[in-house]
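Structure first, then comments.
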Amino acid sequence: MKISMNWIKQYADIPVTPAEYESRMIMHGTGVEGIEYLGEECQNVVVGRVLTCRDHENSDHLHVCTVDVGQSEPLQIVCGAPNVKEGILVPVALVGAKLPGGHEIKKGKLRGVESHGMLCSGPEIGVPVELYPSVGDAGLLIFNEDYPLGTDVRKIFGLDDYVADFEILANRPDCLCAWGIARETAASLDTALKLPEVKVQEVGGDISEHVKVAVQDHEKCPRYAAKVIKNVRVAPSPMWMRQILHAAGMRSINNIVDITNFIMLETGHPMHAFDLAKVRGRQIIVRTARENETLRTLDGKDHALTCDDLLICDAEGPTGLAGIMGGEESEITEETTEVMFECATFDRAVTRLSARRMGIRTEASGRFERGVSANDIMLALNRACQLVNMLDAGDVVGGCYDLYEKLELPQPIVCSVKRLAARTGVDITADEMVKALTKLNFTVTLDGDVLTATAPDYRQDVERDADICEEVLRMVGYDRIPSTRLRGETTPGGLNPLMQRKARIRKALSGLGYDEMMTFSFVSLKSIAGLGLSQDDPRMQPILVRNPLGEDTACMRTTLAPDMLRILSGNYNRGNETAMLYEFGTLFDGTRRTAEGLFTESPALILGAYGKGLDFFSIRGAVETLCALEGVGVKVEPGADCYYHPGRSARLTHGQAVIAQLGQIHPDIAARNDLPENTLLAEVDLVALYDNAQPMGQVAPISRMQAVSRDIALVMDEKQHLGPVMDAVRAAAGPLLEDIKLFDIFRGVQLGIGKKSAAFSLVFRSPDQTLTEDTVNPIMKKVLKVCKDKFDAEIRS
């Protein structure tokens, strides 16, 4: 929060330098992110009067001027502004002046004529139209008032000021205003607090003659107050108010709107002004939204409302979002003649949820979300009316609406002085505690060891003796806490079982040549739909993000495939001939919830690859390696989801559990993502993998007996899957079969139409004897018989 230090000085003296002020405030618990000098980029710019102005003889748009800047001799300055003329008072940047953007003015020649400075527009010296009326970039800034020649323009525009950027913690909403900072300043620097005396001059009449106000939900709106201003005279705000708003980063609009913004910055109470001529039925009703209601806010956006939203309504419908933003229909304009000022408190949770859902963030909503005290609402409202009197912006009508059921006033907190001192770890006397709390406007009584303190009305964060302890300690100074050596024991870090498993898988995949990638958990619904999944697939019902950064991050991912395809496509289209990638990620199931009512999250792993020498067997082998690491034996079953190639994909199963699906992607998916047709994917369900993992048992000794190898080539139907064949061979060969591998698949006219030849290498070994032909041959005959009976497979001749 940025506040002008000159403004703070109106309420509390600051007899120290800005640097020391920053240090003192920080040491007393009020964070200061930095202090900047507003006039840093506007140096050596003064008020000057144009004495003469003639056309440049070598230009059709330049003018040669003589300008009096209060020096012994006038300056000759060449100017190209269309509105330059004799007699006007303008900002003059002298030679050596520094302007915003790092520009420095030097003596020079323009079309052969010397120029000793520059006549400036508002933007050239960092003065927007809202701070001082001008034509902007279209010409010079011309002063409407008379100033002494040579006056530093920074004093005129309020740029001769420091702006402090305060870091206000969430528990101190009372400090989100000039009065709050002034209170902290006075307490920290031990100076007097000088808040203005609030008095309002009313013209008679009664507010009930102009508007009716009703609150239907006091739980969401604990207090609502209103006053009416008639005979409104909408005009620009005075310079002092525009300077304060500009220093805070706010734009001046007109005197009525600026008063509401000024009060928010001064007292911490957001306000809103209604044009009563636009309030239908002359009624203001605070209620929750009804079904199918909509509202167009001041920013011109239409919002669909829910029953959780709190509204400010007139007799016919919504006119504003309570605590967030007003409606477009009741906006203050130059034709406004009658205004109702609103000052209220709204439930912080309701405000936060509505603002977040609609994607609206305003100064007002930020304050209401942290909490605005209901106890001093009338003070802020009367202060606004006082400013109306001061600016002659209208006539204040008598009476007001002040609607509430019950006010929660601060309760006395009883503490033990000894306990407070012991808790702080500092030797603080009872008198020091009383002095510290009194400086913070607490009401304090002391009776022996018993200290009773009551917080001021605007403090909502003080609830127990621990809070009193904190207030005392920060006022007496954190530097009084004695320094001590660090004590305790440290424990060595380590990896939990899940992290160990991931590390083991990472190591294995790196050894296989894969590189890890990471993407966001947010994806677009369009990318999931691009896989061609059916509408009733659970993955097509993702969790939607309420306020996404964009369409590409509108929902939580239900599959890792879209991002893998996107990254592979990016590599392929940038000339990377081969890519082998993997990613660990979390999948979010929008159709199932946990016992706590949260959406189900599950870990997953995806592999993706393309390039020369990579095929279905490459990626299947990689996944089988990972399964072997976890001790999970798998079977290969044909088929996978619709975005895989129907004839070049498979599922790896263990019992009834599907551990992974893998294969070549569907040609349509490859074309849609601009990928080669031989692009491969493998999706591993880590939950299923870990659930079926088997710890490594006792290591069997390596047999000292020699192995016997047999190769067989079987001719079978083209459509026959080889996984079942290998399973049948294992079962028929019995325990002497140590290993079986597929090493060749052949297709040719000599085999016949619709036939293929699959060559297997079988390795036999006995743990206690050398195998002979008499032992192995009967086993091979049994294997061939089983293959013939089950698959009509015959030895290739």
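Of note:
- Checking each residue in region 24-59 for being small (G, A, S) and under 31 Å from the mean Cα position of the chain (by Cα) picks out G29, G31, G34.
- Residues (open to solvent by 20 Å² or more (accessible area, probe 1.4 Å) and under 20 Å from V127 (Cβ atoms)) located in region 253-268: I253, N261
- Under the condition of being acidic (D, E), more than 18 Å from V687 (Cβ to Cβ) and within 42 Å of the chain's Cα centre (by Cα), the residues counted in region 618-664 number 1.
- Filter result for V234 (open to solvent by 10 Å² or more (accessible area, probe 1.4 Å), among the β-branched types (V, I, T) and in a loop (DSSP other than H, G, I, E, B)): yes
- Residues within region 269-305 that are buried (at least 19 other Cβ atoms within 10 Å of the Cβ), in contact with a helix residue (DSSP H, G or I) (Cβ under 6 Å, 6 or more places away or on another chain) and closer than 30 Å to R172 by Cα, tallied: 5
- Residues of region 572-589 that are part of a strand (DSSP E or B) and either open to solvent by less than 30 Å² (accessible area, probe 1.4 Å) or touching a residue at least 40 places away in the same chain (Cβ under 8 Å) (or both): A579, M580, L581, Y582, E583, F584, G585, T586, F588, D589.
- Of the listed requirements (1) assigned to a loop (DSSP other than H, G, I, E, B); (2) closer than 18 Å to H272 by Cβ, R290 misses just one: (2).
- Of everything listed in (1) charged (D, E, K, R); (2) assigned to a strand (DSSP E or B); (3) closer than 28 Å to F274 by Cα, the single unmet condition for D165 is (3).
- Residue tally, condition open to solvent by 30 Å² or more (accessible area, probe 1.4 Å) and under 29 Å from V198 (Cβ atoms), over region 411-433: 2
- Within region 651-690, no residue satisfies the criterion of being touching a Gly at 6+ places or on another chain (Cβ under 6 Å) and within 15 Å of K635 (Cα to Cα).
- Filter pass, S510 being touching a residue at least 60 places away in the same chain (Cβ under 8 Å) and of a type in the set (G, A, S): no
- Enumeration of residues in region 441-498 that are under 34 Å from the mean Cα position of the chain (by Cα), of a type outside the set (A, V, I, L, M, F, W, C), part of a loop (DSSP other than H, G, I, E, B) and exposed (fewer than 12 other Cβ atoms within 10 Å of the Cβ): R464, G493, G494, N496
- Some residue of region 275-286 being at pLDDT below 90, in a loop (DSSP other than H, G, I, E, B) and hydrophobic (A, V, I, L, M, F, W, C): no
- Strands (runs of 3 or more DSSP E) enclosed by region 309-390 - at least 2 residues per element that are under 30 Å from L544 (Cβ atoms): 310-313, 318-321
- Candidates in region 502-521 are the residues that are touching a Leu at 6+ places or on another chain (Cβ under 8 Å) and in a helix (DSSP H, G or I); of these, the one that is most open to solvent (accessible area, probe 1.4 Å) is R504.
- Restricting region 112-147 to residues that are among the small types (G, A, S) and part of a loop (DSSP other than H, G, I, E, B), the residue that is nearest to V78 (Cα to Cα): G117
- Positions within region 610-667 being part of a loop (DSSP other than H, G, I, E, B) and either hydroxyl-bearing (S, T, Y) or touching a helix residue (DSSP H, G or I) at 6+ places or on another chain (Cβ under 7 Å) (or both), in sequence order: E630, V632, V634, Y643
- For P196, the requirement of being farther than 30 Å from A349 by Cα and open to solvent by less than 50 Å² (accessible area, probe 1.4 Å) is met.
- Qualifying residues in region 675-703 (those that are in a loop (DSSP other than H, G, I, E, B) and in contact with a Phe, Trp or Tyr (Cβ under 7 Å, 6 or more places away or on another chain)) - the one surrounded by the fewest Cβ atoms within 10 Å (Cβ to Cβ): P676
- The set of residues in region 311-351 being more than 30 Å from the chain's Cα centre (by Cα) and open to solvent by less than 10 Å² (accessible area, probe 1.4 Å) consists of C313, D314, G317, S330, T336, V339, M340, F341.
- Verdict on R546 being within 21 Å of the chain's Cα centre (by Cα), touching a residue at least 40 places away in the same chain (Cβ under 8 Å) and open to solvent by 50 Å² or more (accessible area, probe 1.4 Å): yes
- Some residue of region 384-404 being under 35 Å from the mean Cα position of the chain (by Cα), surrounded by 18 or more Cβ atoms within 10 Å (Cβ to Cβ) and under 20 Å from D206 (Cα atoms): yes
- Checking K109 against (1) in contact with a helix residue (DSSP H, G or I) (Cβ under 9 Å, 6 or more places away or on another chain); (2) without any contact (Cβ under 8 Å) to a residue 12 or more places away in the chain; (3) in a strand (DSSP E or B), the condition it does not meet: (1)
- Exactly one residue among R592, R620 is open to solvent by 70 Å² or more (accessible area, probe 1.4 Å), touching a strand residue (DSSP E or B) at 6+ places or on another chain (Cβ under 7 Å) and at pLDDT below 95, and that residue is R592.
- Scan region 522-552 for residues that are more than 21 Å from D641 (Cβ to Cβ) and part of a loop (DSSP other than H, G, I, E, B) and the total you get is 6.
- For region 699-736, the set of residues classified as in contact with a Lys or Arg (Cβ under 7 Å, 6 or more places away or on another chain) and free of Cβ contacts under 8 Å to residues at least 40 places away in the same chain consists of E718 only.
- Residues that are within 39 Å of the chain's Cα centre (by Cα), open to solvent by less than 40 Å² (accessible area, probe 1.4 Å) and of a type in the set (A, V, I, L, M) within region 595-617 comprise A604, L605, I606, L607, A609, listed in sequence order.
The values are calculated or read from the model by the stated rules, or taken from the named source; none is laboratory data. Note that this is a predicted model, so its numbers are computed, not measured. So basically every Cβ, Gly included, is an ideal-geometry build from the backbone, and we count neighbours across all protein chains shown. For accessibility, only protein heavy atoms count, side chains too; no ligands or nucleic acids. Shrake-Rupley method; radii C 1.70, N 1.55, O 1.52, S 1.80 Å.
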